[in-house]
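The values are calculated or read from the model by the stated rules, or taken from the named source; none is laboratory data. The structure displayed is predicted, hence computed values, not measured ones. Cβ placement follows ideal geometry from the backbone for every residue including glycine, while neighbour counts extend to all protein chains displayed.
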Amino acid sequence: MADVSDPIIRETYDEVRDDRSDVSWMILQYENDRSDKLILYAKGPGGLSQLAEHLSEDQAAFAYCRVNVSNDELSVRTKFIFITWIGSEVKIMRKAKLSVHVSDVKKILQAYAIEITAHEKSDFNEPEILNKLRRAGGANYDRGSHNY
């Protein structure tokens with residue numbers, strides 16, 4: 001079981017969800033290699049590319065990101081993404097624990113439109129992810145200009 005009891009995790013989650021906040025993403029990582037305790041590793045403004053800059057190949061982490069999705073200039077919706085990051089150099093035991101701990105993390109970071117598991121920074125392809133969000137978003141009134 002992952003320890004996600006630090007109150008700053010819930011506070012930052014609420015901050016990311018708040019449209020008035022500049023903080024649009026957060027990253028949780030393990031306190032150390034042997035720990036099951038997750039801590040707030042980073043948070044900030046910007047989009048997926050800024051979030052990805054804070055991830056490393058030897059890191060296992062969970063992230064949460066707010067993005068604005070639009071089909072046209074009149075239709076802008078806020079959507080959230082839950083991300084499991086498993087860097088290519090993460091040890092086998094940590095990978096195994098990560099797959100079990102994801103359910104504990106989702107009890108805190110619970111509202112999201114899509115879930116992504118990323119292993120490389122190239123997995124943070126913003127146009128592709130925005131397309132997934134549009135498809136998950138329900139009504140699409142602008143089918144002609146987007147590749148679905």
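Worth a mention:
- Just so you know, in the stretch 4-17 the residues that are touching a Leu at 6+ places or on another chain (Cβ under 8 Å) and free of Cβ contacts under 8 Å to residues at least 40 places away in the same chain include one that is nearest to LYS91 (Cα to Cα), and it is ASP6.
- There is no residue in the stretch 107-114 that is closer than 20 Å to PRO7 by Cβ, without any contact (Cβ under 8 Å) to a residue 40 or more places away in the chain and either of a type in the set (Val, Ile, Thr) or surrounded by 13 or more Cβ atoms within 10 Å (Cβ to Cβ) (or both).
- Residue count for the stretch 18-36, restricted to those that are within 23 Å of SER99 (Cβ to Cβ), without any contact (Cβ under 8 Å) to a residue 60 or more places away in the chain and not in a strand (DSSP E or B): 4.
- Of the residues screened, LEU55 is one that is farther than 21 Å from MET1 by Cα and in contact with a Gly (Cβ under 9 Å, 6 or more places away or on another chain).
- For first residues located in the stretch 74-93 and touching a residue at least 60 places away in the same chain (Cβ under 8 Å) and farther than 16 Å from SER122 by Cβ, partners that are of a type in the set (A, V, I, L, M) and in a strand (DSSP E or B) and lie 6+ apart or on another chain with Cβ distances below 6 Å form the pairs ARG77/VAL69.
- Subset of the stretch 37-91 (residues that are part of a strand (DSSP E or B), of a type in the set (Lys, Arg) and either surrounded by fewer than 18 Cβ atoms within 10 Å (Cβ to Cβ) or modelled with pLDDT under 95 (or both)): LYS37, ARG77, LYS79
- Residue within the stretch 1-9 that is in a strand (DSSP E or B) and either modelled with pLDDT under 95 or over 17 Å from the mean Cα position of the chain (by Cα) (or both) present: yes
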